[in-house]
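Enquirer: To start, I am sharing the structure in question, which I have written as structure tokens.
Read the figures in this text as sums done on the coordinates, not as results from a lab. Given the structure is predicted, the values throughout are model-derived calculations rather than measurements. Because the Cβ atoms are built from the backbone with ideal geometry, glycine has one as well, and the counts that use them run over all protein chains shown.
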């Protein structure tokens with residue numbers, strides 16, 4: 001399953017603010033807003049429960065730092081996970097929210113895939129490259 005990831009974070013303190021995942025079909029969403037307002041353990045358990053429903057995961061993010069935050073929060077190895085950085089342009093009038101950006105990335109990715117096929121502007125790698 002392709003999962004679209006977005007994170008919002010404080011660049012000056014390098015602190016995660018929010019993180020969201022949206023499935024390719026748009027039927028599954030996971031989000032933690034105001035990271036730190038719930039315990040790290042609760043967030044990890046919730047994230048692990050969310051991704052455990054999928055046999056394999058292809059994580060798509062628009063920024064490598066998002067994947068770093070995802071890996072840090074997840075704090076476990078997912079054997080059947082690949083990752084991709086997708087170059088995405090957003091509407092300036094969108095809400096500044098990880099869930100909105102993850103959904104927008106999903107729509108843009110699917111549109112580019114439909115129009116461009118294999119020429120989608122992205123870089124694919126497996127977890128062993130991190």
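Enquirer: Note down the Stokes-Einstein diffusion coefficient of the stretch 3-102 in µm²/s, whole number, using a Kirkwood radius over alpha carbon pairs, 25 °C, and 0.890 mPa s.
Expert: Details: Rh = 13.8 Å.
After rounding, the answer is 178 µm²/s.
Enquirer: Between residue 55 and residue 10, 0.36 nm times their residue separation minus their Cα-Cα distance comes to what? Please report the intermediate quantities before stating the final value.
Expert: Values: separation 45, 0.36 × 45 = 16.20 nm, distance 3.26 nm.
Separation in residues times 0.36 nm, less the Cα-Cα distance, equals 12.9 nm.
Enquirer: Give me the number: length gained by fully extending residue 1 to residue 29, i.e. 0.36 nm times residue separation minus the C-alpha to C-alpha distance, one decimal in nm. Numbers along the way, then the final one.
Expert: On the way: separation 28, 0.36 × 28 = 10.08 nm, distance 1.26 nm.
Contour length minus the Cα-Cα distance gives 8.8 nm.
Enquirer: Considering just Cα atoms, how many Å³ per residue does the convex hull of the stretch 29-68 enclose?
Expert: Working: hull volume 3.7 nm³, N = 40.
It is 93 Å³ per residue.
Enquirer: Let me ask something else about it. If I take the Cα coordinates of the stretch 44-87 and project them onto the principal axes, what are the three extents in Å, biggest first?
Expert: Result for the stretch 44-87: principal-axis Cα extents of 28, 19, 14 Å.
Enquirer: Spin-label point model (7 Å from Cα, Cβ direction): what's the residue 46 to residue 97 distance in nm?
Expert: 1.5 nm
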